[in-house]
Amino acid sequence: MATHDELQTLMSVVPSLQVQEGTPYYDVLLQIIQEIGKEIRPTYTFNKVTCEKLKRHIQTAKILIKACQQEAENDKKKADAAIEAQRQQALAAAKSEKIDETETKN
């Protein structure tokens, strides 16, 4: 999720972005890609200002891609930890049942 400071930086680079704190990086990245799409045609005229703006958008997109990758890795780690916790819980429950069955037979 994008923090307030990160959003301020993005807004200064790409003022047309409409994002709020807590917006997932992926959503912000999609907005940047849309902005890049709007800037491609004017660069064909070799307008220096437009070319510089496009470069800033691409640099911002690179940063967001890295942030999205990091966010995905963190989500995967959380999911793996949750699965492992469930597996451990199931093993503990199975052991408990086995012990109860053994005690019941005796």
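Nothing in this text is a laboratory measurement; each read-out follows from the coordinates by a stated rule. Values in this document were obtained by computation on a predicted structure and should not be read as measured data. Please note: Cβ atoms are built from the backbone with ideal geometry, for glycine as well, and neighbour counts cover all protein chains shown.
Quick one: what pairs do we get from segment 57-80, first residue under 30 Å from Pro42 (Cβ atoms), second aromatic (Phe, Trp, Tyr), C-beta under 8 Å, 6+ apart or different chains?
Here the result reads Leu64/Tyr25; Ala67/Tyr25; Cys68/Tyr25; Cys68/Tyr26, each pair linking segment 57-80 to a residue that is aromatic (Phe, Trp, Tyr).
Do any residues in segment 33-48 that are closer than 16 Å to Gln59 by Cβ have Cβ atoms under 9 Å from those of residues that are of a type in the set (Val, Ile, Thr) and in a loop (DSSP other than H, G, I, E, B), where the two are at least six apart or on different chains, and which pairs are they?
Taking only residues 6 or more apart or on different chains, the pairs are Glu35/Val14.
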